[in-house]
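The values are calculated or read from the model by the stated rules, or taken from the named source; none is laboratory data. Computed from a prediction, not measured in an experiment: that's the story for all the values here. Heads up, the Cβs are rebuilt from the backbone with ideal geometry, glycines too, and the neighbour counts pull from every protein chain shown. Just so you know, the surface numbers come from the protein's heavy atoms only, side chains and all, with ligands and any DNA or RNA stripped out. Shrake-Rupley method; radii C 1.70, N 1.55, O 1.52, S 1.80 Å.
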Amino acid sequence: MSHQEQYRQRLRLLSDELLTIQKPIRILDAIKWPRELEQQFFDSGANQLPRVDRNFYESLPLSFDPHHTYRELRALRGRIQRRLGPHDELGLILQQTVEQYMVVCEMLRARGTPDFLRYSRLLYGSARDHLRGDRKTLRELGERLCEIFSLPGARHLVRPWPKIYQGEGAVARLQERLGDYFEEGTVRVMLSDGIVSDAAAGGDYIKLSSHARFSELDLQVLEVHEGWVHVGTTLNGRAQPWASWLSAGSPRITACQEGLAVLIETLTFSSFPDRARRISDRVMAIDMAEQGADFIELYRHFHERGMGQHDAYKIAQRVFRGGAVDGTACFTKDLSYVRGYVETVNFIRSAVLEGVPEILPMLFVGKVNLDDIPVLYRHYLEGLIEAPRFLPPMFRNLTGLYVWFGFSSGMSLIDIDRVQQHFRQLFHTLPQTAPLYEAQGDVDLD
């Protein structure tokens, strides 16, 4: 057996060990709230904190032993260093993934305590973090995006999409939509009573809540967000002959995954202003919680800004799941949507400007972090990494994507404030405008 073949075999063995160890770890399942808590909250007049504390989480047993799993992961990290070498590029990515799961073990042991926030920040960051390669913080960007997507013009563009699909009807319609992207039988759509959100993706399936109703636009969002990105990258990772860990969704890849999913929504014109505002609102909600706001303060803030009771509850719930509703700990995962979108767009623009757009399909090669992509592309050229099988059309033929991001990079030179001042004089003569349509709701994804 050649040295190269021995290396590949070791890489596959260590990757498979990680997949086995991490398989029972389900972060969102470990911190989800039962549906009845919402009714209890409103029965109290929205004046009592939900009964969620350390004792509540201790009553929800984890699907794994965090002490034992932590020790297994630590031992695996040592074997990776010994068998692949301390400086091996793929070995370092694998080690970082192992270390992320070690932090996950610590975070889930700390459910309902202030330490939960400390571990969450290690995994997903803080709203006061700076964006990669930029001086702006996530909070500053989130605040600006909330302003943009709350402008009166955003309401003028929202057409009504009636929520006509529910239950098996929703399953059948989404299954039909996915059939154009995946081969028949590759991805299953099913109903579930056990998910709190409206929809959630697994390795080769998408679950729809049996309690939710969906519009055609909701299902379009699910098709590209959950299907093309989350399920597609999992299947591409599973198809890797040696780097099988690329099918594992550790927190280190969350920002890239969610940012890529939001980007695909925009490139397919599936998103809409209200949805974009909700994603931006999550950044502001997390910042408030990090600064000490409790559940009720968060709920009231968004409700008083015009958000419905249910939606205001949901955003507060997403922020405080796993943490402490008195304001001492929150869950910062939802920063990943805005952070990931901006950083992924900047990555694509940089690849275009640096003359290496051919690396962009590697965004879909599996569950990756942006920093992994140059490494994975080099090993793809060597034949160790397989090209992604399921790839959105705009990433399969890069010419349109190149032009799109080339123009967007060029337009960044323009002073938009001066341009806006010029056109404001023209727009000032317009008569009072009114919304063309009624606003619609949004599908809640995890």
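For the chain, what are the DSSP H helices with axial Cα length of 24 Å or more and mean Kyte-Doolittle hydropathy of at least -0.5?
89-109, 336-353
Value of Rg to Rh for segment 102-195, rounded to two decimals, is 1.13; Kirkwood radius and Rg both from alpha-carbon coordinates. Between LEU151 and ARG118, residue separation times 0.36 nm minus the direct Cα-Cα distance comes to 8.4 nm. Taking 0.36 nm per residue of separation and subtracting the current Cα-Cα distance, fully stretching the chain between GLN421 and ARG349 would add 23.2 nm. Give the separation of the Cα centroids, segment 84-116 to segment 249-322, in Å. If we compute the Cα centre of each part, the gap is 25 Å. Here the label points at SER2 and ASP180, each 7 Å from Cα along the C-beta direction, are separated by 4.3 nm in the simple model.
In segment 92-168, the portion of solvent-accessible area held by carbon and sulfur atoms comes to 53 percent [1.4 Å probe, whole percent, DNA, RNA and ligands not counted]. Debye-formula intensities of the chain, expressed as log10 I(q)/I(0) at q = 0.09, 0.14 Å⁻¹, are -0.61, -1.53 (one equal scatterer per alpha-carbon, no solvent).
Taking the 1.4 Å solvent-accessible surface of segment 233-377 as the whole, the part contributed by carbon and sulfur is 51%. Note on the chain: antiparallel DSSP beta bridges, both residues inside, total approximately 55 percent of the bridges counted.
If one computes the Cα centroid of segment 375-421 and of segment 334-365, what distance in Å separates the two points? Here the answer is 7 Å between Cα centres. Counting only protein heavy atoms and a 1.4 Å probe, the chain has 47 square angstrom of accessible area per residue.
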